[in-house]
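Beneath this line is the structure, given in structure tokens, with notes to follow.
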Amino acid sequence: MAYIKRTLEKKITEISKEYACILLTGPRQVGKSTMLRHLMEGSNRNRVTLDNTDERKLAKTDPALFLEIHPAPVLIDEVQYAPELFSYIKIKVDEGAAPGSYWLTGSQAFRLMDLARESLAGRTAIVHMSALSQSELYGDGETIPFTIGIDALNSRKAHLAPCSATAMYERIWQGAMPGHRSGKYTDRDVFYGSYIQTYIDRDVSDMIPGIDKLLYSDFIRAAACRVGQMLNIHDIAQDVGVSDDTAKRWLTVMEKSGIIFYLRPYSNNLLKRTVKTPKMYFFDTGLVAYLTKYLSPEILMNGAINGAILENYAVAEIIKTYHNDVKECNFHYYRDKESNEIDLVIENDGETHPIEIKKSSHPASKLAGAFGILDKGSVPRGTGAILCLGEELTAIDRKTYIIPIWMI
């Protein structure tokens, strides 16, 4: 098994020089503990995991003693199992704990962020980790947040590896989970089957005691069939025979545990006729391909969800570039009541940047036809782009680039 260098390593090292506590969140098995163990090699940092039931019991019943037995600097894995620790770590920080004293990890990001804001507000750096980016898998892992500027785009070429349309669907189908992509677990289907089982047995059962595990597994599969679409809770609920309220609660669990994310519709005070429904995506397309039972990249490339899963992949990869630089950005999609749609709208530096994502290798200029709608908004429209399966960076005009998806 080969360790895959993570882009976040540099940021974690830098932040550890300033903050006494770092909370690293992210979905199960994206490599949080592996990266931190790699960074602590050769140091005097201790490590303890609350997956160990004895350690978990001590952390919950006597947090002060737990921290005495495991003194700083320490890495505490799966800290969500003992929220009692947070107030005691706060005391240690207030008493002058050195920078980098406490590294915490957990796979229930929303819950952990709430705990950190309650007990460690202003005292901890919260960092989110995603599954492997295509830069980490196929490039040198040194890319910066994705922006649509010619200088930034040209610089990305030196860090990323070009690929054909067929190779892109291989990337999509294989997914981005370190356990599989590092070579530790070579059988993709066995890996994802085990991943779903572990996720339901531990994360879901923790958040919904007594859950029907088989029904929830069917529910995840029904959601996977709808990636890149406007969310229709009723349709998903009907597929598995649960109420709309149950489906809504179960989707919330999937979002909180980092399985799915949403793009909210873009609007401002001058764009009155936009829809209000979000679009749903999975963070890992390999999981989608597994759940929707596509047996090979070739079948996926020609299957019913080929466009939707490509869009899912591109949007997730763009978001990863921001997570990996510990940066925030506003991501939306646009759709109005006249069915004008833009797949992705990135808002930064006081401008909106419209993006279309297409399976074509040579997209037509008319695909950017909806971009002008954003001119009616109160935020100026900047450069837009069509992301596609082409292999070279080119342009329609100075306002619209054609960017290969491998360049994200």
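Of note:
- T274 falls short on exactly one of the conditions (1) surrounded by 17 or more Cβ atoms within 10 Å (Cβ to Cβ); (2) among the hydroxyl-bearing types (S, T, Y); (3) within 30 Å of T105 (Cα to Cα), and that condition is (3).
- The residues of the range 338-381 that are more than 22 Å from the chain's Cα centre (by Cα) and among the aliphatic types (A, V, I, L, M), listed by number, are A364, L367, A368, A370, I373, L374, V379.
Per-residue answers, yes or no, for (1) more than 22 Å from I346 (Cβ to Cβ); (2) of a type in the set (A, V, I, L, M, F, W, C); (3) in contact with a helix residue (DSSP H, G or I) (Cβ under 7 Å, 6 or more places away or on another chain):
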| site | (1), (2), (3) |
| --- | --- |
| P99 | yes, no, no |
| Y102 | yes, no, yes |
| S107 | yes, no, yes |
| A125 | yes, yes, yes |
| Q134 | no, no, yes |
| A158 | yes, yes, no |
| C163 | yes, yes, yes |
| M168 | no, yes, yes |
| H180 | yes, no, yes |
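- Verdict on S296 being surrounded by fewer than 16 Cβ atoms within 10 Å (Cβ to Cβ) and either under 27 Å from M177 (Cα atoms) or touching a strand residue (DSSP E or B) at 6+ places or on another chain (Cβ under 8 Å) (or both): yes
- Comparison of A152, A161 shows that the only residue that is in contact (Cβ under 8 Å) with a residue 40 or more places away in the chain, of a type outside the set (D, E, K, R) and within 26 Å of F331 (Cβ to Cβ) is A161.
- Residue count for the range 363-378, restricted to those that are in contact (Cβ under 8 Å) with a residue 60 or more places away in the chain, surrounded by fewer than 16 Cβ atoms within 10 Å (Cβ to Cβ) and not basic (K, R): 1.
- Counted as qualifying within the range 235-312 are the helices (runs of 4 or more DSSP H) with 2 or more residues that are in the same structural domain as I220 (by TED's automatic domain parsing), at negative phi and free of Cβ contacts under 8 Å to residues at least 60 places away in the same chain, namely 244-256.
- Only one of Y169, Y185, Y192, Y216 that is modelled with pLDDT of 95 or more and assigned to a loop (DSSP other than H, G, I, E, B): Y185
The values are calculated or read from the model by the stated rules, or taken from the named source; none is laboratory data. Note that the structure is predicted; figures quoted are calculated from it, not measured. Counting neighbours? That spans all protein chains shown, and the Cβs are built from the backbone with ideal geometry, glycine included.
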